[in-house]
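The values are calculated or read from the model by the stated rules, or taken from the named source; none is laboratory data. This structure is a prediction, so every number in the text was calculated from the model and none was measured. Neighbour counts are summed over all protein chains in view; Cβ atoms, including those assigned to glycine, are modelled from backbone coordinates with ideal geometry. Accessible surface is based on the protein model in full, side chains and every heavy atom, while ligands, DNA and RNA are left aside. Shrake-Rupley method; radii C 1.70, N 1.55, O 1.52, S 1.80 Å.
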Amino acid sequence: MLRPGRLGARPPLPVLLLPLLLAARGAAAQETELSVTAELVPTSSWNVSSELDKDSFLTLDEPMNNITTSLGQTAELHCRVSGNPPPTIRWFKNDAPVVQEPRRISFRATNYGSRLRIRNLDTTDTGYFQCVATNGKKVVSTTGVLFVKFGPPPTASPGSSDEYEEDGF
């Protein structure tokens, strides 16, 4: 049995009666008029914004830097984002989720977003690192390159305590 609203379903009763009413109209008095009206009733409000939505935002505050450093050093990658509601941040290396390793690879939330720290770097740590931030309304991401090279560690400039250099390539 076909149900109303489905393809191939029977038309609703008023549509079936329309030919009969028109025939009756022709056979009955000529001054009788037939009018058919339709009313559109919304069935959902999926396109209506709530008051809470108007204050929501997600912004990439600064792109991630590229870093070149040497074996055994420590690198920190920063994901600088802000949003309302506060975003959830995920880290990826070469499109795979970063897996934390005790005392070597860690990431944590910061007041500016998130920080990924890798200690005791190896050349296998070289790759494309991406942070993806989402707050349920929007998604933003930024990617940086970490290059770990053989050789002596980079020298820090006077007054600097950085263990690595940040490149703009």
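Structure summary
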read-out: Exclusive hit being open to solvent by less than 70 Å² (accessible area, probe 1.4 Å) and modelled with pLDDT under 95, set Ala133, Ala156; value: Ala156
read-out: Residue satisfying condition, being surrounded by 14 or more Cβ atoms within 10 Å (Cβ to Cβ) and either modelled with pLDDT of 95 or more or not in a strand (DSSP E or B) (or both), within set Gly83, Gly26, Gly72; value: Gly83
read-out: Any hit, the range 113-123, residues being open to solvent by 50 Å² or more (accessible area, probe 1.4 Å) and more than 25 Å from Val148 (Cα to Cα); value: no
read-out: Checking Asn94 against (1) at pLDDT 95 or above; (2) within 28 Å of Asn135 (Cα to Cα); (3) open to solvent by less than 60 Å² (accessible area, probe 1.4 Å); (4) not basic (Lys, Arg), the condition it does not meet; value: (3)
read-out: Subset tally (residues that are closer than 30 Å to Lys54 by Cβ and without any contact (Cβ under 8 Å) to a residue 40 or more places away in the chain) for the range 81-129; value: 5
read-out: The range 136-153 - residue that is under 30 Å from Asn84 (Cα atoms) and at pLDDT below 95 and, of those, surrounded by the fewest Cβ atoms within 10 Å (Cβ to Cβ); value: Gly136
